[in-house]
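J.: I have a structure here, written as structure tokens, and I will follow up with some questions on it.
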Amino acid sequence: MEGKPDAALLIVAHGSTVNPDSSAPTLAHATEIRRRKIFADVECAFWKEEPSLRDALFLFDPESIREIYVVPNFISEGYFTQTVVPRELELNGRITKRRNGQLWKYCEPVGNHPMMTELLLKRASDIAPGVDPAETSLLIVAHGTDLNENSAVAAKREAEKIRALGKYAAVLNVYMEEPPLVSDWRKLTKTRHVVVVPFFISDGLHSYEDIPVLLGIAVAAGVDRGRPGSAPPATARGEIFRRNPYRIVDRNLFYAPSIGTDPGIADIILEQAFTAKS
């Protein structure tokens, strides 16, 4: 990619006041992009962490930085990308010209990029090496409910694209809080192998505990774990991903970290910036 010595990249994400892992992937992707020396500057800003979206208005020197590419690190278009980010960054469309002459270019969220399908396939393959996809069901898990309607649509879109490739025995979009439910995976799948990939930007309570509990590979905090044959406790900080495969009756279940933690997201962020409307 051609360098942009008078431009900066701003990666915006949700962040969290309670989950320190929420911003970790965004910061890691920024570090990788910064290492490639494509932009004069690469920064991050968050809705729920520091630096805030409002702080981002003052991050770039208008004398040396003439263009800022804003890439939302979100799975889909929605309230945050359409309302919160434009409001906080004082954007008035895809291109905003500041009084100081800077051009701020608002790009598509990472989840909209076609490369997301490729990343999902790679993650599914990496988490279950040597397993024949023709004997495997792939489950892409999103949150669900009306509050997260667009992420549910994005998961459905990706499942349809992968299903059309005919690689896996079955490809399903499943949800935590609406049908088809991830907790019904045994009924929804018939194959001996099942691969589950959370369709989230970062790992947190959903991927560390909620989804594992729904899958039956962990039990919630406070539940009696002393019964013979009971699932192990839900484990934070990634341990849950290192126990693959989980043997449940006669099935092998492989559980992956959230797709947003994949290093390939850095390439998608760059793609979204370089394909921004002029």
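The values are calculated or read from the model by the stated rules, or taken from the named source; none is laboratory data. Remember, it's a predicted structure, so these values are computed and weren't measured experimentally. Glycine also receives a Cβ, built like all others from the backbone with ideal geometry; neighbour counts cover every protein chain displayed. Ligands, DNA and RNA are stripped out before the accessible areas are found, and what is left, the full protein with its side chains, is counted by its heavy atoms. Shrake-Rupley method; radii C 1.70, N 1.55, O 1.52, S 1.80 Å.
J.: Here are some conditions: (1) more than 15 Å from the chain's Cα centre (by Cα); (2) closer than 18 Å to Gly238 by Cβ. Ala24 meets all but one. Which one does it not meet?
T.: For Ala24, the failing item is (1).
J.: Among the residues of region 167-176, is there at least one that is part of a strand (DSSP E or B), in contact with a helix residue (DSSP H, G or I) (Cβ under 8 Å, 6 or more places away or on another chain), in contact (Cβ under 8 Å) with a residue 60 or more places away in the chain and surrounded by 16 or more Cβ atoms within 10 Å (Cβ to Cβ)?
T.: There is no residue in region 167-176 that is part of a strand (DSSP E or B), in contact with a helix residue (DSSP H, G or I) (Cβ under 8 Å, 6 or more places away or on another chain), in contact (Cβ under 8 Å) with a residue 60 or more places away in the chain and surrounded by 16 or more Cβ atoms within 10 Å (Cβ to Cβ).
J.: If you don't mind, there's one more thing I want to ask. Please work out which one of (1) in a loop (DSSP other than H, G, I, E, B); (2) over 13 Å from Val194 (Cα atoms); (3) not hydrophobic (A, V, I, L, M, F, W, C) is the condition Pro129 fails and give its number.
T.: Going through the list (1) in a loop (DSSP other than H, G, I, E, B); (2) over 13 Å from Val194 (Cα atoms); (3) not hydrophobic (A, V, I, L, M, F, W, C), Pro129 breaks only (2).
J.: Given the condition closer than 30 Å to Phe60 by Cβ, crowded, with 18+ Cβ neighbours inside 10 Å and among the β-branched types (Val, Ile, Thr), answer yes or no: does some residue in region 141-164 qualify?
T.: The answer is no; no qualifying residue exists.
J.: Given Ser151, Ser183, which one is out of contact with any helix residue (DSSP H, G or I) (no Cβ under 7 Å at 6 or more places or on another chain), under 20 Å from Asp210 (Cα atoms) and assigned to a helix (DSSP H, G or I)?
T.: On the way: Ser183 fails: out of contact with any helix residue (DSSP H, G or I) (no Cβ under 7 Å at 6 or more places or on another chain).
Sole residue among the options that is out of contact with any helix residue (DSSP H, G or I) (no Cβ under 7 Å at 6 or more places or on another chain), under 20 Å from Asp210 (Cα atoms) and assigned to a helix (DSSP H, G or I): Ser151.
J.: Okay, next question. When the residues of region 247-261 are narrowed to those that are open to solvent by 10 Å² or more (accessible area, probe 1.4 Å) and in a strand (DSSP E or B), which ends up nearest to Val196 (Cα to Cα)?
T.: So the first thing to find is which residues in region 247-261 are open to solvent by 10 Å² or more (accessible area, probe 1.4 Å), and the list is 247-252, 254, 257, 261.
Restricting the remaining residues to those that are in a strand (DSSP E or B) gives 247-248, 251-252, 254.
Details: Arg247: 14, Ile248: 14, Arg251: 13, Asn252: 11, Phe254: 6 Å.
Within region 247-261, the match that is nearest to Val196 (Cα to Cα) is Phe254.
J.: Just checking, does region 126-133 include any residue being open to solvent by less than 60 Å² (accessible area, probe 1.4 Å), at pLDDT 95 or above and in contact with a helix residue (DSSP H, G or I) (Cβ under 7 Å, 6 or more places away or on another chain)?
T.: Taking every residue of region 126-133 in turn, none turns out to be open to solvent by less than 60 Å² (accessible area, probe 1.4 Å), at pLDDT 95 or above and in contact with a helix residue (DSSP H, G or I) (Cβ under 7 Å, 6 or more places away or on another chain).
J.: Could you tell me which of the residues Ala24, Ala13 is among the small types (Gly, Ala, Ser) and surrounded by 17 or more Cβ atoms within 10 Å (Cβ to Cβ)?
T.: Checking each option against the conditions leaves just Ala13.
J.: Then there is this: Hey, any hits in region 78-97 for a residue that's more than 23 Å from the chain's Cα centre (by Cα) and surrounded by 15 or more Cβ atoms within 10 Å (Cβ to Cβ)?
T.: The answer is yes; a qualifying residue exists.
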